[in-house]
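The values are calculated or read from the model by the stated rules, or taken from the named source; none is laboratory data. In this text, all values refer to a predicted model and were calculated from it rather than measured experimentally. Here the Cβ is made from the backbone with ideal geometry for all residues, glycine too, and neighbour counts use every protein chain on show.
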Amino acid sequence: MTNITPAGFTPAGFIATHVTASRFRGVVLAIALAILAGATADQASADSATAASPAAVSIAAGKLPAGYRDWPLIAVAQEEGKLNDLRAVLGNDIAIAAAKAGAGVTRAYPEGSVIARLAWDHEALAESAAAFGKAQSYVARHPKNGVQFMIKDTQKFAATGGWGFAQFNDGKPVEAKALTACFSCHETVRARDFVFNLYAP
């Protein structure tokens, strides 16, 4: 039988060379995958607030979010002075879960949180006055002071504590320049992640 083994060939050398080359290719592949994964993660992070919150997409497009009126209740409040209204503070699924878990107290609201504020004027309930002999029960009547939203997107709204502010009057968006005072007001509750109302159990 003719010997066709190349000069200088040894089994050990062949194995070492090819195993080393194989490992090298594996390392290169692993690095490439890591870079790709990092880029994908960065993009996912940048898109997370929008992807996680269809409501934020609607608001950015100048539209009221679908179904916002049925969002769970975070808290209720009464405003006096010029505002003089009764209001309900609602949250989308992300916001309400965070509020129940202590957002504003032990943690910040996560990306994609959207908080809505509805308001109404209020008046004495005639039936209650008749029953008790005096005005006692005051109930919400007509929508007032528009519908306001806070949208959590720390990249898009970095200059205002990670929150964007929006208001709709009669279903139409208010111009952004009319909302410039919102952040300065909310800055007084920076320690609560800029949200006045805590979750009311």
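Results, tabulated for the structure shown:
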quantity	calculated
Residues of segment 131-166 classified as assigned to a strand (DSSP E or B) and of a type in the set (Gly, Ala, Ser), total	3
Filter pass, Ala52 being surrounded by 12 or more Cβ atoms within 10 Å (Cβ to Cβ) and modelled with pLDDT of 95 or more	no
Subset of segment 184-201 (residues that are surrounded by fewer than 19 Cβ atoms within 10 Å (Cβ to Cβ) and among the charged types (D, E, K, R))	Glu187, Arg190, Arg192
Per-region count, segment 61-70, residues of a type in the set (Gly, Ala, Ser) and in contact (Cβ under 8 Å) with a residue 40 or more places away in the chain	1
Every residue from segment 114-148 that is hydrophobic (A, V, I, L, M, F, W, C) and either in contact with a helix residue (DSSP H, G or I) (Cβ under 6 Å, 6 or more places away or on another chain) or under 30 Å from Ala60 (Cβ atoms) (or both)	Val114, Ile115, Ala116, Leu118, Ala119, Trp120, Ala135, Ala140, Val147
Flag if Ala135 is surrounded by 12 or more Cβ atoms within 10 Å (Cβ to Cβ), in the same structural domain as Tyr68 (by TED's automatic domain parsing) and modelled with pLDDT under 95	yes
Test: Ile4 is in the same structural domain as Ala119 (by TED's automatic domain parsing) and modelled with pLDDT of 50 or more	no
Hey, Ala46 at pLDDT below 50, closer than 19 Å to Phe157 by Cβ and either under 14 Å from the mean Cα position of the chain (by Cα) or among the hydrophobic types (A, V, I, L, M, F, W, C) (or both) or not	yes
Residues located in segment 109-130, provided they are touching a strand residue (DSSP E or B) at 6+ places or on another chain (Cβ under 8 Å) and more than 23 Å from Leu83 (Cα to Cα)	Tyr109, Pro110, Glu111, Gly112, Ser113
Members of segment 167-201 that are more than 21 Å from Ala56 (Cβ to Cβ), assigned to a loop (DSSP other than H, G, I, E, B) and assigned by TED's automatic domain parsing to the domain that holds Val114	Asp170
Residues of segment 155-183 that turn out to be surrounded by fewer than 16 Cβ atoms within 10 Å (Cβ to Cβ), hydroxyl-bearing (Ser, Thr, Tyr) and either at pLDDT 95 or above or under 22 Å from Leu86 (Cα atoms) (or both), as a count	0
